[in-house]
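J.: One structure coming up, written as structure tokens, with questions to follow.
The values are calculated or read from the model by the stated rules, or taken from the named source; none is laboratory data. Everything numeric here is computed off the predicted structure, so don't read it as measured data. Cβ placement follows ideal geometry from the backbone for every residue including glycine, while neighbour counts extend to all protein chains displayed. Surface areas here come from the heavy atoms of the whole protein model, side chains and all, with no ligands, DNA or RNA. Shrake-Rupley method; radii C 1.70, N 1.55, O 1.52, S 1.80 Å.
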Amino acid sequence: MDLSPFKQDIDELIDEFAQDELTTLADMKRVWLSRKFTYIYEACPSTNLSFFMQSLYAHTIRHMVSNDSLSRRLGGLYCLYCLYETQPFKPPFHIYISLGELKKLKKLVVEAKNKDIRVVPALVKRMLEKKIFLFGSVDLNESSIPETVKQLTDLQNARVQVAYEKLFASTRIEHFIHMDLGAEVDLNVLKKMSTEYAEAKRQAIQGKSLYCFCGRI
């Protein structure tokens with residue numbers, strides 16, 4: 001599946017946003033609408049939709065966590081949010097993000113707050129409250145996406161879903177949702193959560209569950 005045209009579209013969208021040194025979600029919405037960017041889904045494949053969406057997300061996240069200008073990184077964040085919110089799939093595909101990327105997202109939030117770009121902490125808080133993200137321990141790259149997508153699909157298992165909800169309820173990830181986003185995130189807790197989550201996934205793959213959820217994440 002050649003996703004180069006889709007990735008080029010994303011690059012050009014964020015390029016336009018960054019060239020004018022824009023910083024707000026409203027700015028991104030204007031650029032998005034001027035390009036009629038939601039049409040990116042009109043040409044999406046009829047199969048392997050998980051691979052398609054996680055590839056778009058991963059490519060956009062690379063802009064968000066890069067060492068480029070603040071405007072470009074914010075463009076990546078806003079594009080990621082818009083890709084999620086405008087997707088035509090029900091239920092929506094959630095966004096896989098590694099712990100390393102999560103740490104860089106936190107730094108982006110702090111930087112934006114220091115520059116009084118108030119929409120950023122509010123937006124990230126909303127994304128976390130809606131549980132848009134799927135947290136993992138490995139950064140995605142082109143070669144790892146198919147295997148990660150397979151693992152994410154396996155996580156539809158009922159046993160894993162229960163474990164996932166329990167972990168979210170019992171760790172400091174809830175604190176991250178409700179905290180002052182300028183505060184520190186306890187990444188050790190997140191790493192522990194990821195390890196326990198991986199163990200639940202392993203048990204599921206070994207067939208210890210009685211039934212599976214249908215559909216996709």
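J.: Given the conditions (1) in contact (Cβ under 8 Å) with a residue 60 or more places away in the chain; (2) open to solvent by 80 Å² or more (accessible area, probe 1.4 Å), and given that Phe17 satisfies all but one, which numbered condition is not satisfied?
T.: Looking at each condition in turn, Phe17 falls short on (2).
J.: Might you let me know whether region 101-109 holds any residue that is part of a helix (DSSP H, G or I), of a type in the set (Asp, Glu) and farther than 21 Å from Gly136 by Cα?
T.: no
Table: residues versus (1) assigned to a helix (DSSP H, G or I); (2) closer than 21 Å to Met127 by Cα; (3) among the aliphatic types (A, V, I, L, M); (4) at pLDDT 95 or above.
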| position | (1), (2), (3), (4) |
| --- | --- |
| Met28 | yes, yes, yes, yes |
| Trp32 | yes, yes, no, yes |
| Pro45 | no, no, no, no |
| His63 | yes, yes, no, yes |
| Ser66 | no, yes, no, yes |
| Arg72 | yes, yes, no, yes |
| Gly76 | yes, yes, no, yes |
| Pro92 | no, yes, no, no |
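J.: Assess whether Ala18 counts as being out of contact with any Lys or Arg (no Cβ under 6 Å at 6 or more places or on another chain) and of a type in the set (A, V, I, L, M).
T.: Numbers: out of contact with any Lys or Arg (no Cβ under 6 Å at 6 or more places or on another chain): no; of a type in the set (A, V, I, L, M): yes.
Against the criterion (out of contact with any Lys or Arg (no Cβ under 6 Å at 6 or more places or on another chain) and of a type in the set (A, V, I, L, M)), Ala18 does not qualify.
J.: Can you pull out every residue in region 1-26 that is hydroxyl-bearing (Ser, Thr, Tyr) and part of a helix (DSSP H, G or I)? Before you say what the answer is, go through the steps one by one.
T.: Here is the first cut: in region 1-26, the ones hydroxyl-bearing (Ser, Thr, Tyr) are 4, 23-24.
Correct list: Ser4 only.
J.: On to the next question. Evaluate the following for Pro5: is it of a type outside the set (S, T, N, Q) and free of Cβ contacts under 8 Å to residues at least 40 places away in the same chain? Steps first, answer last, please.
T.: On the way: of a type outside the set (S, T, N, Q): yes; free of Cβ contacts under 8 Å to residues at least 40 places away in the same chain: yes.
Yes, satisfied.
J.: Looking at (1) in contact with a helix residue (DSSP H, G or I) (Cβ under 7 Å, 6 or more places away or on another chain); (2) assigned to a helix (DSSP H, G or I); (3) of a type in the set (D, E, K, R), which one does Glu85 not meet, given that it meets all the others?
T.: The one condition Glu85 does not meet is (1).
J.: Considering only region 47-55, I want to know if a residue exists there that is assigned to a helix (DSSP H, G or I), touching a strand residue (DSSP E or B) at 6+ places or on another chain (Cβ under 9 Å) and either closer than 20 Å to Ser98 by Cα or modelled with pLDDT under 95 (or both). Give the steps one after another, and end with the answer.
T.: Here is the first cut: in region 47-55, the ones assigned to a helix (DSSP H, G or I) are 49-55.
The next check asks that each one be touching a strand residue (DSSP E or B) at 6+ places or on another chain (Cβ under 9 Å); those that pass are 53-54.
With the extra rule that they be either closer than 20 Å to Ser98 by Cα or modelled with pLDDT under 95 (or both), the set shrinks to 53-54.
Yes.
J.: If you take the residues in region 20-53 that are open to solvent by less than 40 Å² (accessible area, probe 1.4 Å) and not hydrophobic (A, V, I, L, M, F, W, C), which one is nearest to Asp68 (Cα to Cα)?
T.: Asp27
J.: Between a first residue in region 46-60 that is under 15 Å from Pro5 (Cα atoms) and a second residue that is of a type in the set (D, E, K, R) and surrounded by fewer than 20 Cβ atoms within 10 Å (Cβ to Cβ), which pairs have beta carbons less than 6 Å apart while being 6 or more apart in sequence or on different chains?
T.: Between residues of region 46-60 that are under 15 Å from Pro5 (Cα atoms) and residues that are of a type in the set (D, E, K, R) and surrounded by fewer than 20 Cβ atoms within 10 Å (Cβ to Cβ), the close pairs are His59/Lys7.
J.: A further question follows. Which of the residues spanning region 112-129 are part of a helix (DSSP H, G or I) and exposed (fewer than 15 other Cβ atoms within 10 Å of the Cβ)? If you could, list the steps in order and put the result at the bottom.
T.: The first filter runs over region 112-129 and keeps only residues part of a helix (DSSP H, G or I), leaving 112-114, 119-129.
Of everything in region 112-129, those that are part of a helix (DSSP H, G or I) and exposed (fewer than 15 other Cβ atoms within 10 Å of the Cβ) turn out to be Asn114, Ala122, Arg126, Glu129.
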